[in-house]
Amino acid sequence: MPVEADAVANRRDAGGEAAPTSVALLQARGVSRHFEGMHAVEDVSIDVQPGRITGLIGPNGAGKSTFLAVLAGTLPASSGTIIFDGTDVTRMPAFQRARRGLVRTFQLPSEFAQLTVLENLMTAAPDNRGDSLIGALLGRRYWGVDEDRLVMQARVLLDRFRMSAKESDYAGSLSGGQKRLVEIMRSLMLRPRLLLLDEPMSGVHPSIVGEIASYCEALRDDGLTILIVEHELHMIERLCDPVIVMAQGHVIGQGTMTFLRQQREIVDAYLVG
Amino acid sequence: MTYYLTTVLVYAGVDALACLAISLQFGVSGIVNFSFIIFQAAGAYTAGVLSMPPDTANGGFQTYILGLNLPFPLPWIGATVVGALLAPPIGLVVLRRLRSDYQAIAMLVLSVIATLVVTNTPPFLDGAAGLALVPQPLANLLDPSSAGYEWAYAAATVVLAAIVFVIAQRIINSPYGRSLRAMRENELAANALGKNSVALKMSVFVVGGAIAGLSGAILVGFITTWAPSTWLYPETLILFAAVIVGGRGNNYGAVLGALLVPVGFEEATRYIPPFGPPGLIPAFEWVCIGGLILGFLWFRPRGVIPERRRVFRVAAAKQPEEERGAG
Amino acid sequence: MSLIVAAFGFGLVSMSIIAIAAVGFTMQFGITNMINLAYGQVMIASAFAAYAVNNAGVNIWLSMIVGAVFGAVFSFLLNRGIYAPFQRKGTNLIGMVIISLAVSLVIANVLLPIAGYDSVSYHLDTGATFHAGSIALTGVQIAIMAVAVVVMVVVHSLLHFTRLGKAMRATAANPTLARNCGIPTARVIDLAWLITGALCGVAGVVAGMNSDAFAVANGSEFLIPIIAAAVLGGAGHPYGAMIGAVIIGEMTELSAAVISPEYKQVVAFAVLVLVMVLRPQGLLAKRGALAAAG
C-alpha cells in the first residue's frame with residue numbers, strides 16, 4: 001500500500017500530529033501518564049480514524065498497554081485530553097466510556113470464569129431492564145422480554161464465531177484462544193464504536209491467531225473501528241493501516257508497516273528496546 | 001418444650017436472614033463485609049430504642065437515646081431503614097479500590113471499634129449493660145408469655161425469612177444478579193463492559209444492611225435484651241462459616257448453612273453432657289467452627305450446595321444461519 | 001501536664017513492645033504476602049509457654065528465650081501446616097484472611113482449657129523505679145526497652161549484613177525473580193517464619209512482663225495495635241513498622257491520659273482503619289497496596 005502523504009512521523013521533539021483525512025473517532029492530545037515517578041506515557045497525541053484498524057506497536061515497556069488503559073479509562077490520565085466521538089471523555093470512568101461505545105479488551109484472560117459463555121455475553125448486553133435492583137425485584141415478568149431478546153442476539157454472535165456448542169460451558173474451562181473470542185464477543189454485545197484490543201494474540205495458540213485476524217477484518221468491514229496493541233507484527237502488517245509506533249512513552253512514528261520498516265530510527269528503537 | 005421449639009425457629013429465621021444477606025454480599029458479589037454484625041446490632045438497638053419507653057421508666061436503671069414507645073411494626077421498619085442507612089457511610093469508607101484483605105480487615109476493625117464506642121459511651125445505648133426489658137411486639141394487645149404468642153412470633157419470623165428468600169432469589173436470578181456475579185469474577189472487566197461496580201457494590205451493601213437490620217429487630221423483640229457482648233466480631237465469623245459450609249453464591253446454600261452452623265451447632269452442643277471445667281464446651285464449639293471453616297475451605301470450598309450452572313432454555317425458533325465469507 | 005509526661009514515658013515501653021511484634025508481623029507479610037491474624041494468639045501462647053517455665057522456677061529471662069523458641073516453632077508449623085498449603089492451592093487473599101481468623105479462633109480456644117481463664121503474672125523482680133521528671137519507669141520496663149533496641153539492631157544486621165537477610169529482602173520484593181536467581185525461597189520462607197515467630201514470642205513475653213497480669217483473653221487485644229503499626233509504616237517494611245510502633249505506642253498511651261483509658265484501644269483501631277482506607281501504602285512505602293488484583 002502506498003504511503004500516505006500525510007503520514008508524517010512524529011519526531012520525539014516536535015510532537016506534531018498527522019493531519020486527519022476525516023473526522024477522527026478518537027483523538028488523544030498530549031496524553032501523559034505518570035505513576036510513582038515513572039513516565040509510562042509522555043505527551044502522546046494520536047488520531048484514530050473511523051472504519052479502520054489502527055495498530056499500536058513498540059518494544060516492551062514502550063507504554064502501549066498503559067496508553068490503551070488510559071484511553072479506555074481503566075487508568076486516569078495524568079494530563080492531556082481524550083475526545084471520543086466528539087465528546088471529552090478524559091474525566092469519565094471506564095464504565096461510562098464503555099456505555100458510549102469505547103470498549104476495551106484485556107491482555108490477560110479476563111473472562112468471567114464461573115459464568116457460562118452465554119452468561120458472559122449476556123452480562124455485557126446493555127438495555128436490559130432487569131439490570132438494576134428495582135428491575136430485579138420486579139421479577140422475570142418485568143425483564144423477561146428483554147432477556148429473551150438479548151439471548152437471541154447473543155446466540156447469533158456465538159454462531160458467527162462458531163462457539164454455539166460452548167454456550168453452557170463455564171468460561172473458565174475454555175482454551176486461551178476461546179477465551180479471547182469470548183472477550184471479543186462480549187465487547188461486541190455492547191455495539192461498540194471503537195474497540196481497543198490489548199494484545200489479542202497473546203497467550204493464543206498460533207493456529208487461532210489467523211482466525212482472530214479474520215474476525216477483525218470482518219468486523220472492520222462491518223464498520224467497526226479497531227485499535228490493536230500487538231507484538232505479532234505479521235498480523236499488524238496484515239490488518240493495520242495506519243500503524244503507530246511507541247517507544248519509552250512517546251510516539252516515534254506512524255505509517256504503514258512498509259513505510260515504518262524504512263525508518264531507521266524506528267527499526268533501531270524496536271530492536272534496541 | 002414449646003419454648004424450646006419456638007426459640008429454635010426464631011433463631012433459625014434470624015440466622016437465615018443474616019446468612020442470606022451475607023451470601024448476597026459475599027457469595028454473589030464478592031464483598032467481604034466483616035462489619036456485618038454492626039448492621040444487625042444497629043437494627044436491634046433501633047428497634048429497642050424505638051419501642052422502649054423513655055429511659056426514666058422502669059426505675060430508670062438504663063440510659064439510652066430516644067425511647068419513643070412506638071407500636072409494632074414501626075420499630076421493625078425503623079430497624080430495617082437504619083440498617084440500610086448505615087450502608088452508604090460504611091460502604092464509602094471501605095468499598096474503594098483496595099486490596100481485598102485490607103478491606104476485610106478494615107471492616108473487621110470497624111466492628112470492633114463500634115463495640116468499643118458503644119460500650120464506653122453509656123448515655124448512648126446504655127454501654128456495656130445494654131438494653132433490657134425491650135417491649136415485645138404487640139405486647140399491649142396479646143399476652144407475650146402465652147404459647148400462642150410464641151408460636152405466632154416464630155411463624156412471623158419464618159414468614160419474613162421466606163419473603164426475604166424470595167427477594168434474594170429474584171435478585172440472584174436476574175440480569176442484575178448476573179452483573180453482580182460478573183463483578184465478583186473480574187471487577188475490572190465488568191467495568192470495561194459498562195458496569196458501574198461502585199454503584200453495584202453500594203446497592204448490595206444497602207440491601208444486605210436492610211436485611212441485617214430487620215434480623216436484629218426480630219431477635220431483640222424475642223429475647224428482649226441486647227448488649228455489646230451479643231455482637232462481638234466473632235459472630236460475623238460464624239455467619240461466614242455458615243455461608244462457606246452451606247454453599248456460596250446461592251440462597252439455598254445460605255439457608256442450609258444457617259441451619260447447619262449457628263443453629264445446628266448450638267443445638268448439637270446442647271446435648272453434649274457437660275464435661276471438663278466450665279467454659280470448655282463453648283471453647284470446644286469455637287474450635288469446631290474454626291475447624292469447619294478450614295476443613296471446608298480445603299476439601300469443599302464451594303460448600304454443600306454449590307452455585308448452580310445457569311442454562312438458558314433453547315429458543316423455539318432458531319435464527320437462520322447467515323453466510324459469512326470471513327471468519 | 002505531668003500526667004501527659006508520665007504517659008509519654010509509658011509510651012516508650014508500649015512502643016518497644018509493639019515494635020518487636022510489628023517488625024515480625026510486617027516481615028511475615030512482606031515475605032509471604034500473608035496478613036497473619038493469628039499473630040496475637042501466638043504471642044499470648046508464647047507468653048504462657050514462658051509462664052509455664054517461669055512458674056516452675058526458671059529465671060524470667062531464660063523463660064523469655066523459651067517463649068521465643070516456642071513462638072518460632074509454632075509460627076513455623078503454622079505456615080508449613082496451614083498457610084503455605086492453602087496459598088499453594090491458590091486460595092485468594094480473602095480466603096487467607098478467613099483462614100487466619102479461623103486459626104486464631106482455634107488457637108485461642110485450645111489455649112483456654114490448657115492455660116485456664118485466670119490471669120497470671122510472671123515471677124520477676126520489677127526492680128527499682130527510675131524517675132526522670134514525671135516519667136517513672138521500673139527496671140523491668142527499662143530492660144524491655146533495651147530488649148527492643150537489641151532486637152532492632154539484630155534485625156537490621158540480619159537484613160543488611162547476612163546472606164539470609166538479603167535473600168529475605170529479595171524474596172519479599174519479587175519471589176519469582178528471587179527463585180530464578182537461585183535463591184532457595186522455600187528455605188528462606190521457613191527461616192523467615194522461624195525468625196519472625198521468635199520475635200512474636202519475645203513480644204508476647206515482654207508484653208506479659210509489662211502487665212500486672214495477663215490471660216488468654218488478652219491475645220486479641222495485642223493484634224490491632226500491631227497491625228496498625230505495621231500498616232502505618234507500610235506493610236512489609238520492617239523500618240516502617242518500627243516508626244509505626246513509635247507512633248502507635250505514644251498515641252495509645254497519650255490518648256489514655258488525655259481522653260480516657262477506655263478509649264486507648266479505640267485510638268489505635270481508628271488509626272488503623274483510617275490508614276488502611278486513606279493511605280494503605282503507609283507513610284513510608286512508595287509501592288501501593290492499592291492493587292486491583294486480589
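Here, each number is a calculation from the coordinates, and none is a lab measurement. These numbers come from a predicted model, not from an experiment. So basically every Cβ, Gly included, is an ideal-geometry build from the backbone, and we count neighbours across all protein chains shown.
Structure notes:
- Remark: relative contact order (chain C) = 36 percent; criterion is Cα-Cα distance under 8 angstrom and separation of 6 or more residues.
- Helical contribution to [θ] at 222 nm, DSSP H n ≥ 4, -39,500 (n - 2.57), averaged over chain A, rounded to 500: -11000 deg cm²/dmol
- Counting only DSSP beta bridges whose two residues both lie in the protein assembly as shown, roughly 65 percent are antiparallel.
- Listed pairs A:K64/A:K166; A:K64/B:K195; A:K64/A:K179; A:K166/C:K89 exceeding 29 Å between Cα atoms: A:K64/A:K166
- Build a GNM of chain A with springs between Cα atoms under 10 Å apart, and of A:F161, A:F35, A:F67 the one that fluctuates most is A:F35.
- Inter-part distance, region C:206-226 to region B:17-50, computed on C-alpha centroids, equals 30 Å.
- Two-site label geometry, A:T87 and B:A268: point separation in nm, points 7 Å out along Cα→Cβ: 5.6 nm
- Cα centre as origin, Lys/Arg/Asp/Glu Cβ charges: the protein assembly as shown dipole, Debye: 1280 debye
- Share antiparallel - DSSP beta bridges, chain A, percent rounded to 5: 55 percent
- Entry note, chain C: the mean residue ellipticity at 222 nm calculated from DSSP H runs of n ≥ 4, each adding -39500 (n - 2.57), is -24000 deg cm²/dmol after division by the residues and rounding to the nearest 500.
- The mean sequence separation of alpha-carbon pairs under 8 Å and at least six residues apart, normalised by the residue count of region B:2-232, gives a relative contact order of 42 percent.
- Among A:R191, A:R155, A:R180, the residue with the largest mean-square fluctuation in a Gaussian network model of chain A, with springs joining Cα atoms closer than 10 Å, is A:R155.
- Candidates A:Q107, A:Q262, A:Q96, ranked by Gaussian network fluctuation over chain A, Cα under 10 Å, top entry: A:Q262
- Ascending count of other beta-carbon atoms within 10 Å, so fewest first, for A:K166, C:K89, A:K179: C:K89, A:K166, A:K179
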